[in-house]
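These notes are about the structure you will find just below.
Each value in this text was obtained by applying a stated rule to the coordinates, not by laboratory testing. Treat the numbers as computed from the prediction; the structure is a model and nothing was measured. Please note: Cβ atoms are built from the backbone with ideal geometry, for glycine as well, and neighbour counts cover all protein chains shown.
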Amino acid sequence: MNNSWLIENARWIDPSVGLDRVGRLLIQDGRFAGLDCRDGDLPKGIQHIDARGLIGGPGFVDLGTIFGEPGREEDETLTTGLHSALAGGFTSIAMSSSTEPPIDSAASVQFVLQKAARASLAKLYPLGCVSKERKGEELAEIGSLVESGVVALSDAPRSIDNTALMRRALEYCSMFDRPLLAHPEVMSLSRGGVMHEDMTQLVLGLPPMPAEAEDLATARDLRLVEATGGRLHLLSISTSGSVDLCRGARGRHLPFTAGIYIANAHMLDEQLKSFDANCKINPPMRSASHIAACLAGLADGTIDIISSGHRPCSLEKKMQELDAAPFGMVSLETTLGQVVTHLIRPGVLDWSAAFAKLSLNPAKLLGIDAGSLAPGKPADLVLIDPDQSWTVDAPAMKTKAYNTPLQGTELHGMVIASFVDGERRYKKGD
Amino acid sequence: MTFAFSSSLPEQWKHRHLLGLENLSADEITLILDLAEHLHTATEGGRVKLDLLKGRTVANLFFENSTRTRNSFSLAAKRLGADTVEFSSSGSSVSKGETFIDTAKTIEAMGVDAVVVRHATPGTPHLLARHLEAAVINAGDGPHEHPTQGLLDLCTIRQKRGSLEGLTVALVGDIAHSRTARSNIWGLLKLGAKPIVCGPATLVSKTWEKFGVEVAYSLDEILPRCDVLNLLRIQFERQAIRPFPSVHEYALLYAMTNERMKRSKPDILIMAPGPINRGVELTPEVADGPHSVILKQVTNGISIRMAVLWLLLGKKGVR
């Protein structure tokens, strides 16, 4: 496959250098080769794309993405998941360790890396378990995991409930300069919960997941970062309390970043009135005041990173009663549409900030060579039609699962193509 | 108002299912209460069987234990000439490897016209309603709703007082886990009564105030203003961490005793959805005393369920 391209007339966004202008981007031998090259410099046989009206920028980087392989291939395989990633503009995936068996050994790291290499789709960066068997009891062999190629450590979507283990993990990970990616939730307050605790939950009588279950875990983890100096990324904050805590900690220059799953930036707890198990996600859809706080946190930079929260579940699992149905929604292919519709069009973020939160910041967190269009960098790229509206249709998506509460809703902003190392591995309509 | 049961159904009834009282209007609730009274008269209190639902089949699909609600629905169906079929299943459908919806579809395929469903999880009747052609009647979905219980409580109060308008009705006990409380709250608000929820703070959310419901923690404080007390059963089985220190302390604070009766309005009505824990929510003297309408509630339950079944199944079945 040819990996040299000249992409003309697109609006290029690169927050790493503050770039936002129209130009022609050269990709040569799988790497970016700069904007505004002269015709005389073009290599022979290069392919041209006229991208007039499109926006181009560094491919998105997702954190904590859940696939099902190995162990739950009925939900998603590595191939369907990585294909779904490209269709959503994600060229790098830091995959959750929550496979079966979990990624807590060098062998399991090798397995997923080899599978992903064979698929030749989006790039896969496995996350390693913080605790053995992801049980939250004792440390996994973090040193060997780092040796075998994990970019960060995480037990998410499970929270690390044991405070002593969390402290040890932050200390231990800091030796390897790897961040710990945490899902903040105090389980004794939310175990068995199905939805956010508020007016809607009171009426429906579903088991509650109170906001303070997250607030307390956020407060605890930030305090432990302060105590240990370990690097922390909060994957999934969703409450006004968490946003306030993170804003306060930012002033103390702690080594942490804060992230949000895109659903928590716009989906209201009232959606559960449908009793649709696809609305059962974790963190749960919160009430309006929490969403407003999250939007403020995104706008003022308190929340650094937007992740998809992709968590596929096979149809039969979501057909169960609400308390038995697992958490999760598929979202790799809707994230951009959600960002454009609910963050960019209403003016919460501009395109540069959106690319920073979807690409540059997560790439920097993981220390991977992505998130920038700078010459010499791997040509991982997404082309977007910012104005194109479309209707979410789960069966038409690349993901194997169907569990999205956005089915049938209209979103703005469509991924037109995704390039990995200069290869166009996804093209809308193919 | 008189009903001609041989003709078609009242036009104001538009629902295919009865899933809860939250989404019914005051007129629709009143219609059911009126119908229930007429059906009680028409069946001469159960001594005469009608054939309004002859040829129809009602399935009881209970995923939680129940004696009175199940039998009440069966009797109601039989008094209208319908056939009944009983299914029960303990534990979740997952343990059997069959989804809940598959179970219900199997039963529907046997040719039933209505499914009466009880389940520990809120929303399961709503899930069924989306997947089945049959009419779905919610006979209790976890702590969410129990519409026929709410209706029979309203029916009992109205019988005794003529109207709900302006009455102060306290729901006492485990509000958090009570479907009866929720169905009562919606019905009472719609019919102009003033509901109070009263119980330990661990089981009574302050958030109810946002819905126009008074929240109280002291029974003794509200007792002198109450026209009706509905004493809800403490649902020990639904609680992971006990929300109060002991049954003894609960009874001390919230049990309706003879001593508390003396400080109540002289015409107070004592209700309980049952099954009752004698000595916990109320003492035997109060349960069996002159103010108690607990057994009247049971009788009204059958009339209410006849009315609901006829509204949902009668249209095509009238001969």
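Brief remarks on what is shown
- In degrees, nearest ten, helix A:106-119 long axis to first principal axis of chain A (Cα): 40
- Between A:SER131 and A:GLY136, A:ALA140, the built amide H atoms are under 5 Å apart, and every one of these is 5 or more places off in sequence or on another chain.
- Put in order of Cβ neighbour count within 10 Å, fewest first, the listed residues A:GLU74, B:GLU145, A:GLU197, B:GLU37 become A:GLU74, B:GLU37, A:GLU197, B:GLU145.
- 10 Å Cβ neighbours from other chains, averaged over peptide A:318-326: 6
- Ranked packing of B:242-249, A:370-377, A:351-358, B:278-285, most packed first, by mean Cβ within 10 Å: A:351-358, A:370-377, B:278-285, B:242-249
- Contact order normalised by residue count of the range B:147-298, Cα under 8 Å, 6+ apart, percent: 24
- Since only B:ALA104, B:PRO243, B:ILE270 are under comparison, the one whose Cα sits farthest along the positive direction of the charge dipole of chain B, derived from C-beta charges on Lys, Arg, Asp and Glu, is B:ALA104.
- With a 10 Å cut-off around each Cβ of A:267-273, the average count of Cβ atoms from other chains is 1.
- Bridging of A:LYS377 to aspartates and glutamates at a Cα separation below 15 Å is possible for A:ASP14, A:ASP29, A:ASP369, A:ASP421, A:GLU423, once same-chain residues fewer than 8 apart are set aside.
- Total charge dipole magnitude, the range A:162-251, about the Cα centre, Cβ charges on Lys, Arg, Asp, Glu only, Debye to nearest 20: 340
- Cβ charges +1 (Lys, Arg) and -1 (Asp, Glu), total dipole of the protein assembly as shown, debye: 1300
- Chain B: DSSP helices with Cα axial extent of at least 27 Å and average Kyte-Doolittle hydropathy no lower than 0.5: B:294-317
- A full extension of the chain between A:ILE46 and A:ARG118 corresponds to an added length of 23.3 nm, given 0.36 nm per residue minus the alpha carbon distance.
- Net charge of the neighbourhood of A:LEU360, taken over other residues with C-beta under 15 Å away and scored Lys/Arg +1, Asp/Glu -1, is -4.
- Proximal charge balance of B:ARG130 [Cβ under 15 Å; K/R count +1, D/E count -1]: -2
- Per-residue ellipticity at 222 nm computed for chain B from its helices equals -11000 deg cm²/dmol, with DSSP H segments shorter than 4 residues left out and the rest contributing -39,500 (n - 2.57).
- Cut-off 14 Å between beta-carbons: net charge of the residues surrounding B:TRP208, Lys and Arg +1, Asp and Glu -1: -2
- Working note: Karplus 6.51/-1.76/1.60 with θ = phi - 60° gives the range A:254-259 the couplings 7, x, 9, 10, 10, x Hz, where Gly and Pro are set to x.
- The mean count of C-beta atoms from other chains within 10 Å of the C-beta of residues in A:197-208, rounded to a whole number, is 6.
- Likely footprinting exposure, B:ASP102, A:ASP215, B:ASP153, fewest C-beta neighbours within 10 Å first: B:ASP102, A:ASP215, B:ASP153
- Close Lys-Lys pairs in the range B:147-298, where close means Cα under 27 Å and separation is 8 or more or interchain: 17
- Highest-first packing order for the peptide set B:297-307, A:100-110 is B:297-307, A:100-110, based on the mean count of other beta carbon atoms within 10 Å.
- Using only side-chain charges placed at the Cβ, +1 for Lys and Arg and -1 for Asp and Glu, the dipole size of the range B:111-193 relative to its Cα centre rounds to 220 debye.
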